[in-house]
Amino acid sequence: MLYGILGLLMMTSAFAWQGCYKFDGDQTIPAYLQIDSVSLTTNYSEEGANSAKITDVWVYVDDGLIGVFELPVLFPVLAQGKHKLEIRPGIKLNGISSTRVPYPFYNPIVYTNFEFVPEQVSDLKTISTTYYSDLSFQWMEDFEQTALSFEELDISDTVIKRTAPVNNPVAFLSSNSHYSGVINLSEEKPEYGGASFNSFIMPESQGAAVLLELDFKTNNAVTIGLLMRINNSFTEIPLVILGHNEEWTKIYINLGPNISLNSTASDYKVIFRAGLEDNISNAEILIDNIKIVSR
């Protein structure tokens, strides 16, 4: 699997910030690279929204790891003249700072003959990546259509619906996004449980990367998990709790390990659960740009 994602999960942030690259020679004056951010460009009809939360860059010169840097960053490189420069977009897997990994589904940004000049800052500013071309997007829900790909569970007091009216300022708004999904909880309706309407067959090979992407904004905790079907019976596996966020944020949830450990499962659904917290009388949970991505 590209970048050895499972092995990288064992890296801590203390290791990640150490440079590994050694320049061959006696150069003591470095060149410098400035990278402010990395954006994502997508084919919307096939890959969905271009929302991303690229927090880090993994930087290689001539295939040697210089280091892992949190954005924005200005850092030195002991290199001069033309070299291969490769920048791999990095994320916080499951939203956890200690599991920083290069996202296995984003293409690296590669400069075949990048010119390094000692004492000079090469300002790359904002650079852009794309998804690899060989990916499968098994579920995409952006709430732009009136028919939603959710079904509520029996325990649910309420439903997920679209924000209203169009371009409601609480929604995730962009050139392709005019609505988001919203779950409202109250003392009269304190419980939500819903799952993806369709089931998904996941890659079962050991170590296969399967990621759930979504954007969210919430003042109430939400649990996201998997419903795993074995012999026509579903078993629920909680995965991640989304905490309070007053602003839209993106999370990348790793589904792969639980899928690899349950090779007898025939298919899966993604489940969302939320119960009204004790200290509030009304909750608003907003979700958008849901994707299941695999290779």
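Distance check, please: which entries in K92/K189; K92/K125; K82/K125 exceed 23 angstrom between their Cα atoms?
K92/K189
Looking at the P(r) of the range 195-295, how many percent of alpha-carbon pairs lie beyond 15 Å? Considering the range 195-295, 63 percent of its Cα-Cα pairs are separated by more than 15 Å.
Each of E188 and D63 was given a label point 7 Å from its Cα along the Cα-to-Cβ line. The distance between the two points is 6.6 nm. Ranked for footprinting exposure by Cβ neighbours inside 10 Å, fewest first, I237, I183 give I237, I183.
Calculated mean residue ellipticity at 222 nm for the chain: -1000 deg cm²/dmol, from DSSP H runs with n ≥ 4 weighted as -39500 (n - 2.57), summed, divided by the residue count and rounded to 500. Counting neighbouring Cβ atoms within 10 Å and putting the fewest first, the residues S174, S260 line up as S174, S260.
Taking 0.36 nm per residue of separation and subtracting the Cα-Cα distance, what length does fully extending S263 through T28 add? The partial results should precede the final answer.
Working: separation 235, 0.36 × 235 = 84.60 nm, distance 5.29 nm.
Extra length available between S263 and T28 comes to 79.3 nm.
Computed from the C-beta positions of D278 and A147 and an R0 of 35 Å, the FRET efficiency is 0.50 to the nearest 0.05. For the range 136-294, the relative contact order comes to 35 percent (Cα pairs under 8 Å, sequence separation of at least 6). Projected label points at E236 and T42, each 7 Å from Cα along the beta carbon direction, are separated by 2.8 nanometres. Placing pseudo-labels 7 Å out from each Cα toward the beta carbon at E119 and N219 gives an inter-label distance of 5.7 nm.
Bear in mind that the values in this text are calculations on the coordinates, not laboratory data. All values derive from a computational prediction rather than experimental measurement. Counting neighbours? That spans all protein chains shown, and the Cβs are built from the backbone with ideal geometry, glycine included.
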